[in-house]
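Written out below as structure tokens is the structure these notes cover.
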Amino acid sequence: MSHFPLTTKRLLRWLTPIFIFALLWLPRAFQLTEFVTPDEPRWLTRSANFYQALHVGDLAATYQTEHPGVTTMWTGLIGFVLAFPDYPAVVAEQIGTTDDPIKGVLESHGHTPLELLGSARGVVALIVSLMLTITLLMVIRRLGWPCGLTATALIAFDPFLLAHSRLLHTDALLTSFVMLALAAFVFSRQSARPGTYLILSGVGSGLALLTKTPGVLIVGYIGLLHLLLTLPALVQRWREQDFLGGLWRLLVRPIIPWAGAALATFVLLWPALWVRPLSVLQQMIVESQSYAGEGHSSPLFYLGELKWGNPGPSFYGLTYLWRTTPLTLAGLGLLFLCSLSQPFRFRQEPRLWLRSVQFVGFALFFGVALGFGAKKFDRYLLPAFPALAIGAAAGWVWLISSLKRFVPAGRVEWLWGMLIGVILVGQALLTLPTFPYYLTYYNPIMKATQDLTDEMLVGWGEGIDVAARHIAAQPHAKEARVASWYTHGVSSWLHPGIPISTEKFWQADYLILYQNQIQRQMPARQMLLHYLRQEPSKRVTLSGIDYSWLYWIDDVALPPYVVEWNQQIRLVNYTLTAGDITAGQEVELALYLQNRAPIEENLNILVRIVNIDGVEIERAERWPFGSSTKSWQQDELWVDRIKFHLPQDIPPGLYRVEVSFYVPESLQRLPITSVATGEPVGDPLLLDYLSVNLLEKSQSQLNESVVGPLLFGQQLLLHSFEALEEPSSSLSAQSSSPSLKAHPGQSVQLNALWQSRQMIEEPLTGFVHLVGPSGQLVAQDDHPLAGGFIPSTMWSAWQLLPDRYFLKLPEDAELGEYTLYIGVYNPNTGERLLFEHDGQSQDAFKWGSLLLTEIE
């Protein structure tokens, strides 16, 4: 601002904080009750309990969760004070966080959960905006107004940060406190009064620790950064034989104000520490370690795979690419170029480069540290976003600094202004069209090259609200029973009907399916496939992505697995462990059984897990629910939960789950009838299937195979294809060469690994053909894919399907070179699925050759 007149400087000094705060707060402050995320009902309840505990003086009860979420609960408390200040006076007890008791409590006193949630969200938006304003003012003061205002433009309209800044949750608050702590510490070294900055950094660090346990990473990074920046001076002291004195003066004493402020903030704002500090800290540490290390309690969808446990080291890197903006990515690229430019680093703007790299370093440190945890969600990475935005701003500043010599001296400020304006408008144009559903923003560069729903888990409640409000607008909405994924809060706060879980969808009038539910195949794969094949009453699409589907239950026939045994016992639904299961893992099957008529004898249920050769792997055989069926009352619902522990040595593959009922005395099986069609169903009932260790198998086969993935008809991906010289039931490769030797009369086994890319609507047959030197078909194996073991209509998207083919060579086959082809066709029409290869459409893949030689 050196070229501005004095009065203009003073005006800008007053207007800049107001401008930055307004820029941050305005896009965060409106329409705060559009949708509800799954965790917010819990945080609203915890905030109510926190408020009630303080009111009655039960300070120990201010420990509500291991997160610990103290700042989130203080924020929620302020929301209650603004919207329902009498809450602790009229509600004398703590309430549970499971299900949705808070809704009934609030409504009984004339308030709604959305009213309180909106109030608390407004406080979150205000706090985050204030913290980021202070941080950005420090950036402007210490790195210059071009870098500071560019960072402001990138951060104010960062869609991922903007989205979470409007929620009653921990991640945005953690991010704002972390940035305050980081900026104050980084800039303390260039301040004439470092103590003030260190105290401010300590307060931010203490608030971060109170918000979420990963807040400890800012403490670790500040300690590491302090050590690295002090190390040269310590080395010099060591050379001067004053190491211990230097250690105290340079390393320990300067950090005392920071540590004292952090500790004081942490203790003073958490009343539970006032009464039982040791037990609270111990409980928080133990529970948070368990939470981070246990992995996901349900399968996670990532890169087209549905698997249990840690999604892998690439998760956060890819998450950032999907969630950031092209302008931020471009700035980071420019910063990297800047880092390669020594004249800029050491002669023009060394301070800017050094400080901005410290912010980027924190983002990398934070992301790498998070990567060691088994449980991973995209929002966990949020504190890295503004830190990287400051680095990106420095990159853009370097670009303009490089262009200054081409611009007249009096026009340089205009050049800076144009840069900031372009970035501000560009970020706003990328983000604001998604208002108020900022969570639906994904990087357009990534969306142009990848199918998002095939790569990342999508949806955290946004979109369910549209379906729920549609129900609310219908006649008799209050009497309607609504089955929805994320039942409590996410859906039930937005319609007046009766909420029920999707496990009991048959009891509902409306069913809401959700995108991440479909990706995770929960609660039952075949139920989801059945409804997705139907036309919904309403499809909710946000930012070009399908988020939810609404069905009027009476308009859709029951799924094919809804059957009756002997017109007495009806299977109305089931749930089954989904995803790629590992050997030794526990599998739970829940059968929802309803008695439809009197049962005169006690019946046994038989559940078997069998492999493709019909070999039984596991079985459960007993009274259903351990109860005498003669005692069942008509229309009574029984939920029979059966657990299996898969053997440690179970081979990779698909396994059928089969269900039967029989009379124990005679072993007579009960006949099965489809409820939807009234037609008989074969015994046993093929209920669903398990996928065991196929992800690991697919990767090893793909690495060994000479065949790259080939896409047939946009429906099936051929992952790998291998030939075995001797027939085997094993899927492990003995030979992966595209050239194979054999003899007349010999049998050859070929293994394929397919993957469905979408729901399959028709039967599909795979084939392997052997064509002789003269072009004649010598041997073939055509059969339903996966041997018909699992019908194609039961496959979910991205399901891996191992398949085996056998060729018997004629005894009189002529010697010479034969060609092997593999392909797929529809047996009803004979039409082959085409694929692209070498720029041309083909209907069969030429895998390689088979050289027929004499028997030695």
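The values are calculated or read from the model by the stated rules, or taken from the named source; none is laboratory data. All values derive from a computational prediction rather than experimental measurement. Quick reminder, even Gly has a Cβ in these numbers, built from the backbone with ideal geometry, and neighbours come from all protein chains shown. In case anyone asks, the SASA skips ligands and DNA or RNA and just uses the protein heavy atoms, side chains included. Shrake-Rupley method; radii C 1.70, N 1.55, O 1.52, S 1.80 Å.
Annotations for the structure displayed:
- To put it simply, the accessible area of the chain at a 1.4 Å probe is 58 percent carbon and sulfur.
- In the context of the full set of protein chains, the chain has a per residue accessible area of 41 Å² (1.4 Å probe).
- Taking every C-alpha pair closer than 8 Å and separated by at least 6 residues, the mean separation divided by the residue count of the stretch 169-318 gives a relative contact order of 20 percent.
- Sum of side-chain charges, ALA125 neighbourhood, beta-carbon under 10 Å (Lys, Arg +1; Asp, Glu -1): +3
- In this structure, VAL368 and LYS538 have a Cβ-Cβ separation that, at R0 = 41 Å, corresponds to a calculated FRET efficiency of about 0.40.
- Sum of -39500 (n - 2.57) over DSSP H runs of 4+, divided by residues of the chain (222 nm, nearest 500): -12500 deg cm²/dmol
- Rounded to 10°, Cα long-axis angle of helix 145-156 versus longest principal axis of the chain: 40
- Each Cα pair under 8 Å and six or more residues apart adds its separation to the average, and for the stretch 530-661 the resulting relative contact order is 23 percent.
- Most to least packed among 788-794, 628-634 [average Cβ atoms within 10 Å]: 788-794, 628-634
- Neighbourhood charge, 13 Å Cβ-Cβ cut-off, centred on GLU817 and excluding it, Lys, Arg +1 and Asp, Glu -1: +1
- Mean Cα-pair separation over length for the chain, i.e. relative contact order, pairs under 8 Å, 6 or more apart, %: 8
- Mean Cβ neighbour count within 10 Å, used as a protection proxy, ranking 384-391, 772-779, 652-659 highest first: 384-391, 652-659, 772-779
- Excluding same-chain neighbours fewer than eight residues apart, the aspartates and glutamates reachable from LYS404 by a Cα-Cα span under 20 Å are GLU349, GLU413.
- Between the stretch 611-659 and the stretch 410-431, the C-alpha centres lie 64 angstrom from each other.
- From most to least packed by mean Cβ count within 10 Å, the peptides 612-618, 713-719, 246-252, 488-494 give 488-494, 713-719, 246-252, 612-618.
- Whichever lysines have a C-alpha closer than 30 Å to that of LYS846, once near sequence neighbours (fewer than 8 apart) are set aside: LYS697, LYS741, LYS808
- In this structure, the pairs whose alpha-carbon distance is over 23 Å, taken from LYS103/LYS478; LYS376/LYS538; LYS375/LYS504; LYS103/LYS538, are LYS376/LYS538; LYS375/LYS504; LYS103/LYS538.
- Scalar couplings 3J(HN,Hα) for the stretch 88-102, obtained by applying the Karplus form with A = 6.51, B = -1.76, C = 1.60 to θ = phi - 60°, are x, 7, 9, 10, 8, 10, 6, 10, x, 9, 7, 6, 8, x, 4 Hz; x denotes Gly and Pro.
- Loop-located chymotrypsin sites (Phe, Trp or Tyr not before Pro) across the stretch 354-412 with a Cβ neighbour count of 14 or fewer within 10 Å are PHE372, with loop assigned by DSSP.
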